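Notes follow once the structure below has been shown.
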Amino acid sequence: MAPVLILLGPPGAGKGTQARMLQEDFGLIQLSTGDLLRAAVSAGTPAGLAAKAVMAAGGLVSDEIVLAILKDRMAQPDVARGIILDGFPRTSGQAAALDQLLAESGQKITAAISLEVDDAAMVGRISGRHTCASCGEGYHDTFKRPHTTGVCDKCGGTAFKRRADDNAETVRDRLTAYHAQTAPLIAYYEAKGVLERIDAMGPIAEIRQSLGQIIAAIAA
Ligand code: AMP
């Protein structure tokens with residue numbers, strides 16, 4: 001059965017960065033509800049219009065909108081290779097809906113991996129981050145600069161963008177939403193026997209290696 005992995009952790013824990021790397025290392029498909037919602041906002045779809053203000057304020061978009069967007073994406077054929085859910089589920093309602101969605105196609109969660117970090121470091125991690133506007137490669141002003149200033153290592157692009165919600169004030173609201181609504185999912189997956197925890201405070205390459213070991217052990 002193709003793996004279904006969940007990356008859990010607060011904003012800034014490195015879920016998106018690591019999901020992209022797992023996509024490269026294992027050929028899994030990264031499903032980021034944040035990316036899907038940002039695409040809906042840019043496209044001006046009804047879901048995007050409804051989500052825009054909530055996202056700008058650092059709150060959680062309604063389960064109804066998020067589930068509709070995720071189901072659409074999970075109907076694409078490439079997800080048969082296995083998926084890494086990044087930023088989903090974020091509420092107990094979403095976790096229950098995911099269980100049901102997977103059960104309908106005879107699948108279940110392979111592992112939920114909690115990236116364990118100190119909240120205090122998250123504001124700094126998020127405030128400096130930006131991505132290549134062409135290929136989406138992630139960078140950070142302090143922790144991960146391109147080898148040549150202003151040029152993307154991956155694709156040579158020279159335009160970079162920063163998320164509107166990556167500012168200190170909104171990050172604090174996003175962390176509050178995480179602790180109130182998402183952190184309880186760690187116990188939910190622990191009770192199901194699928195939880196793995198890794199220390200995600202170290203260098204990106206080390207975390208990539210720890211994740212790789214977990215996935216290799218699951219696949220073995
Ligand atoms: P992210 O890119 O995962 O940091 O998500 C950015 C924003 O999109 C969040 O602060 C929420 O407003 C919204 N969002 C992303 N995923 C979800 C989700 N699973 N449930 C509710 N809101 C979400």
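The values are calculated or read from the model by the stated rules, or taken from the named source; none is laboratory data. No experiment lies behind these values; they were computed from the predicted model shown. All Cβ positions, even for glycine, are placed from backbone atoms using ideal geometry, and neighbour counts span all protein chains on display. Remember, those area values only see protein heavy atoms, side chains included, never the ligands or the DNA or RNA. Shrake-Rupley method; radii C 1.70, N 1.55, O 1.52, S 1.80 Å.
Overview of results
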{"read-out": "Unmet requirement for residue 47, which otherwise passes all of (1) over 29 Å from residue 204 (Cβ atoms); (2) near the ligand (Cβ under 10 Å from one of its atoms)", "value": "(2)"}
{"read-out": "For residue 106: the one exception among (1) within 15 Å of the ligand (Cβ to nearest atom); (2) at pLDDT below 95; (3) within 23 Å of residue 68 (Cα to Cα)", "value": "(1)"}
{"read-out": "Residue that is farthest from the ligand (Cβ to nearest atom) [pool: residues in region 24-44 that are within 15 Å of residue 88 (Cα to Cα) and open to solvent by less than 40 Å² (accessible area, probe 1.4 Å)]", "value": "29"}
{"read-out": "Elements of type strands (runs of 3 or more DSSP E) contained in region 112-220, each with 2 or more residues being under 21 Å from residue 56 (Cβ atoms)", "value": "129-132"}
{"read-out": "Matching entry among 191, 187, 220, 216 (being open to solvent by 70 Å² or more (accessible area, probe 1.4 Å) and either under 30 Å from residue 145 (Cα atoms) or modelled with pLDDT of 95 or more (or both))", "value": "191"}
{"read-out": "Flag for residue 161 being more than 17 Å from residue 121 (Cβ to Cβ) and within 16 Å of the ligand (Cβ to nearest atom)", "value": "yes"}
{"read-out": "Complete set of residues in region 99-111 that are open to solvent by less than 50 Å² (accessible area, probe 1.4 Å) and assigned to a helix (DSSP H, G or I)", "value": "99, 101, 102"}
{"read-out": "Hits in region 142-162 (condition: in contact with a strand residue (DSSP E or B) (Cβ under 8 Å, 6 or more places away or on another chain) and open to solvent by 60 Å² or more (accessible area, probe 1.4 Å))", "value": "145, 154, 155, 158, 160, 161, 162"}
{"read-out": "Subset of region 39-98 that is acidic (Asp, Glu) and assigned to a helix (DSSP H, G or I) - its residue that is nearest to residue 25 (Cα to Cα)", "value": "78"}
{"read-out": "Qualifying positions in region 169-212 - among the aliphatic types (A, V, I, L, M), within 16 Å of the ligand (Cβ to nearest atom) and under 17 Å from the mean Cα position of the chain (by Cα)", "value": "171, 175, 177, 183, 185, 186, 200"}
{"read-out": "Residue under evaluation residue 13, criteria (1) surrounded by 18 or more Cβ atoms within 10 Å (Cβ to Cβ); (2) within 11 Å of the ligand (Cβ to nearest atom); (3) more than 21 Å from residue 123 (Cα to Cα), criterion not met", "value": "(3)"}
{"read-out": "Criterion (within 13 Å of the ligand (Cβ to nearest atom), of a type outside the set (Gly, Ala, Ser) and either open to solvent by 60 Å² or more (accessible area, probe 1.4 Å) or at pLDDT 95 or above (or both)) met by exactly one of 81, 73", "value": "73"}
{"read-out": "Qualifying positions in region 118-130 - in contact with an Asp or Glu (Cβ under 9 Å, 6 or more places away or on another chain) and crowded, with 18+ Cβ neighbours inside 10 Å", "value": "126, 129"}
